[in-house]
Amino acid sequence: MSLPPQANSTRKALVLFSGGQDSTACLAWALERYAQVETIGFDYGQRHRIELDCRQTVRRELAAQFPAWGAKLGDDHVLDLALLGQISDTALTESRAIEMQANGLPNTFVPGRNLLFLSFAATLAYRRGASVLVGGMCETDYSGYPDCRDNTLKALQVALSLGLDQSMTIETPLMFITKAQTWALTEQLGGAALNELVIEHTHTCYLGERQQRHAWGYGCGSCPACELRAQGYEGFLAQQRAGA
């Protein structure tokens, strides 16, 4: 896996940054690639709202440990999207068991979430002079969410660019890679120090659990997000051992 080229070094990017592993990988990727990078987060009543607290710690640690990135890291923005939580009936916004639904999707799927996130992000990007939106959507290791698919985001990119009458690029650096490859990407971008930052400071667990620390980070260890993160980390270590 090669590092991203520097061809876009004059452009400004806005990263959809939740404070989780994937969005942290995307933030590092954008900081390596673009001249200026801002972040945006969303408070929509998610059960794992603790991720919003982790965001600032991750930003602070990235800037401190990687000064070249810190020089590019601009403002952070958090939008109140409580309305999304009010109209969603999901296990991410209500205290209920996580399970599969009759339509084949897990009940952690929040309909329209990424569509709304990117639309609001594009509006802010327009005002802030950014022409690139970066998100951690992925259709390799994911739960089948239709708004994480590449064709969904390509269609939205066209709609946003037309609606704003200005080119708006949606970048998804994790779209076609596995969770093991995501760990490999962050190591390639920032070495073992960046992976340790991901382990210690980011949050993925759907239940908001940060009392148990595992080799791959904090979480309950049993929700789909924790299981995927753990499996990815084990796969990453296996790849390292195979290459040693």
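The values are calculated or read from the model by the stated rules, or taken from the named source; none is laboratory data. Source: prediction; values computed, not measured. Every residue, glycine among them, receives a Cβ derived from its backbone with ideal geometry; neighbour counts consider all protein chains shown.
Taken over region 12-22, residues that are closer than 23 Å to Ser167 by Cα and either in contact (Cβ under 8 Å) with a residue 60 or more places away in the chain or not in a loop (DSSP other than H, G, I, E, B) (or both) amount to 5.
Kindly establish whether Phe117 is under 20 Å from Leu27 (Cα atoms) and either modelled with pLDDT under 90 or of a type in the set (Phe, Trp, Tyr) (or both). Against the criterion (under 20 Å from Leu27 (Cα atoms) and either modelled with pLDDT under 90 or of a type in the set (Phe, Trp, Tyr) (or both)), Phe117 qualifies. Collect the residues in region 200-224 that are crowded, with 17+ Cβ neighbours inside 10 Å, without any contact (Cβ under 8 Å) to a residue 24 or more places away in the chain and of a type in the set (A, V, I, L, M, F, W, C), keeping them in residue-number order. Once the filter is applied, which keeps residues that are crowded, with 17+ Cβ neighbours inside 10 Å, without any contact (Cβ under 8 Å) to a residue 24 or more places away in the chain and of a type in the set (A, V, I, L, M, F, W, C), region 200-224 yields Trp216, Cys220.
Annotation note: of Ala25, Ala30, Ala63, the sole residue that is closer than 21 Å to Val198 by Cα, without any contact (Cβ under 8 Å) to a residue 12 or more places away in the chain and part of a helix (DSSP H, G or I) is Ala63. With the condition kept exactly as written, say whether any residue in region 131-150 is part of a helix (DSSP H, G or I), modelled with pLDDT of 95 or more and in contact with an Asp or Glu (Cβ under 6 Å, 6 or more places away or on another chain). No, because not a single residue in region 131-150 is part of a helix (DSSP H, G or I), modelled with pLDDT of 95 or more and in contact with an Asp or Glu (Cβ under 6 Å, 6 or more places away or on another chain). Of the candidates Leu162, Leu197, the single residue that is in contact (Cβ under 8 Å) with a residue 60 or more places away in the chain and either among the hydrophobic types (A, V, I, L, M, F, W, C) or crowded, with 19+ Cβ neighbours inside 10 Å (or both) is Leu197. Kindly provide the set of residues from region 33-60 that are buried (at least 21 other Cβ atoms within 10 Å of the Cβ), among the acidic types (Asp, Glu) and part of a helix (DSSP H, G or I), ordered by number. Matches in region 33-60: Glu51 only.
For region 173-194, a tally of residues being among the β-branched types (Val, Ile, Thr), crowded, with 21+ Cβ neighbours inside 10 Å and out of contact with any Gly (no Cβ under 7 Å at 6 or more places or on another chain) returns 1. Of the residues making up region 163-179, those that are assigned to a helix (DSSP H, G or I) and under 15 Å from the mean Cα position of the chain (by Cα) number 1.
Checking Ala244, Ala193, Ala159 one by one, the residue that is modelled with pLDDT of 95 or more, out of contact with any Leu (no Cβ under 8 Å at 6 or more places or on another chain) and over 20 Å from Arg55 (Cα atoms) is Ala159 and no other. For Arg49, the stated conditions hold: it is modelled with pLDDT under 95 and under 15 Å from the mean Cα position of the chain (by Cα). Checked against the criterion of being touching a Ser or Thr at 6+ places or on another chain (Cβ under 7 Å), under 24 Å from Gly112 (Cβ atoms) and part of a helix (DSSP H, G or I), the candidates Ala155, Ala225, Ala159 yield just one match: Ala225. Selection within region 1-21: residues that are at pLDDT below 95 and within 19 Å of Arg113 (Cβ to Cβ). The member of this set that is surrounded by the most Cβ atoms within 10 Å (Cβ to Cβ) is Ser18.
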